[in-house]
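> I have a structure I would like to understand better, so I am pasting it below and will then ask my questions one at a time.
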């Protein structure tokens with residue numbers, strides 16, 4: 001039996017990376033697809049574990065040869081999912097987790113319509129701003145771009161089968177695990193309420209959080 005593919009997307013600051021690490025710790029049988037990227041490696045990242053760091057030229061070659069299941073350019077950097085490792089894991093009957101944005105999710109669903117797509121949400125616009133500022137890596141202009149990107153991500157929320165609110169790490173990890181066990185579980189009404197509030201607040205968030 002072929003393994004399943006789970007797509008996890010989120011706006012920057014939603015805490016997706018922390019969720020993934022916690023989920024993988026609880027479910028060692030779940031295979032994480034290591035994406036390739038052209039962006040510089042951060043001090044805490046390891047090549048081959050967090051990302052496969054490649055040059056823009058190598059990225060273009062991989063995309064041109066059809067070796068990427070999906071790829072996109074985000075904030076000026078290329079991100080893509082190598083197709084072969086995903087196929088090999090699925091052939092072994094292993095479930096695979098993809099950490100990709102909405103553009104990549106759309107490309108994967110076009111090739112693998114059975115893929116289960118999950119969008120992670122921050123609990124509020126204020127908390128999103130706090131998390132982004134806490135990183136200490138973005139200047140005000142970069143923060144503004146991330147808020148604009150968050151608005152774009154939320155516009156594509158209807159394309160996802162499930163919504164998970166990352167208001168409490170343990171609870172959100174538990175919910176993700178439940179979705180892996182039963183992808184037919186419906187999205188809760190509370191998650192849809194959070195989405196509606198975010199979509200209403202984010203147009204004002206860039207200025208409110210910057211002050």
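> Report yes if residue 129 is buried (at least 17 other Cβ atoms within 10 Å of the Cβ) and at pLDDT below 95, otherwise no.
Yes.
> Would you point out the residue of the range 16-41, among those that are in contact (Cβ under 8 Å) with a residue 24 or more places away in the chain and part of a loop (DSSP other than H, G, I, E, B), that is surrounded by the fewest Cβ atoms within 10 Å (Cβ to Cβ)? Lay out the reasoning, then the answer.
The initial filter retains those residues of the range 16-41 that are in contact (Cβ under 8 Å) with a residue 24 or more places away in the chain, namely 16-20, 22-24, 26-27, 29-39.
From what is left, the residues that are part of a loop (DSSP other than H, G, I, E, B) are 27, 29-30, 34-35, 38-39.
On the way: 27: 16, 29: 9, 30: 20, 34: 16, 35: 21, 38: 19, 39: 14.
The residue in question is 29.
> Residue check, residue 12 against (1) under 15 Å from residue 176 (Cα atoms); (2) in contact (Cβ under 8 Å) with a residue 12 or more places away in the chain; (3) under 13 Å from the mean Cα position of the chain (by Cα), all met but one. Which one?
Every listed condition holds for residue 12 apart from (1).
> I've got another one for you. Go through the range 131-154 residue by residue and tally those that are free of Cβ contacts under 8 Å to residues at least 24 places away in the same chain and in contact with a helix residue (DSSP H, G or I) (Cβ under 8 Å, 6 or more places away or on another chain).
Looking only at that region, the number is 1.
> Anything in the range 111-127 that is in a helix (DSSP H, G or I) and touching a strand residue (DSSP E or B) at 6+ places or on another chain (Cβ under 9 Å)? List them, or say none.
The one that is in a helix (DSSP H, G or I) and touching a strand residue (DSSP E or B) at 6+ places or on another chain (Cβ under 9 Å): 111.
> Any idea how many residues of the range 42-76 are assigned to a loop (DSSP other than H, G, I, E, B), under 24 Å from residue 146 (Cα atoms) and at pLDDT 95 or above?
Going through the range 42-76 one residue at a time, the tally reaches 2.
> Quick check, is residue 88 in a helix (DSSP H, G or I), more than 13 Å from the chain's Cα centre (by Cα) and under 28 Å from residue 183 (Cβ atoms)?
Details: in a helix (DSSP H, G or I): yes; more than 13 Å from the chain's Cα centre (by Cα): yes; under 28 Å from residue 183 (Cβ atoms): yes.
The answer is yes for residue 88.
> Answer yes or no: is there a residue in the range 45-64 that is within 26 Å of residue 164 (Cα to Cα) and surrounded by fewer than 17 Cβ atoms within 10 Å (Cβ to Cβ).
Taking the range 45-64 and keeping what is within 26 Å of residue 164 (Cα to Cα), we get 45, 49-51.
The next check asks that each one be surrounded by fewer than 17 Cβ atoms within 10 Å (Cβ to Cβ); those that pass are 45, 49.
Yes: one or more hits.
> Sticking with this one: What about residue 79, is it surrounded by 17 or more Cβ atoms within 10 Å (Cβ to Cβ), free of Cβ contacts under 8 Å to residues at least 40 places away in the same chain and either over 25 Å from residue 144 (Cβ atoms) or touching a strand residue (DSSP E or B) at 6+ places or on another chain (Cβ under 6 Å) (or both)?
Details: surrounded by 17 or more Cβ atoms within 10 Å (Cβ to Cβ): yes; free of Cβ contacts under 8 Å to residues at least 40 places away in the same chain: no; either over 25 Å from residue 144 (Cβ atoms) or touching a strand residue (DSSP E or B) at 6+ places or on another chain (Cβ under 6 Å) (or both): yes.
In short, no.
> Next question, about the same structure. Of everything in the range 182-191, what is loosely packed, with under 14 Cβ neighbours inside 10 Å, in contact with a strand residue (DSSP E or B) (Cβ under 9 Å, 6 or more places away or on another chain) and in a helix (DSSP H, G or I)? Give them in sequence order. Write out each step before concluding.
Our first condition is that a residue be loosely packed, with under 14 Cβ neighbours inside 10 Å; within the range 182-191, this holds for 182, 184-186, 189-190.
Retained after the next criterion (residues that are in contact with a strand residue (DSSP E or B) (Cβ under 9 Å, 6 or more places away or on another chain)): 185-186, 190.
Listed by number, the list holds a single entry, 190.
The values are calculated or read from the model by the stated rules, or taken from the named source; none is laboratory data. Computed from a prediction, not measured in an experiment: that's the story for all the values here. Backbone-built Cβ (ideal geometry, glycine too); neighbour counts: all protein chains shown.
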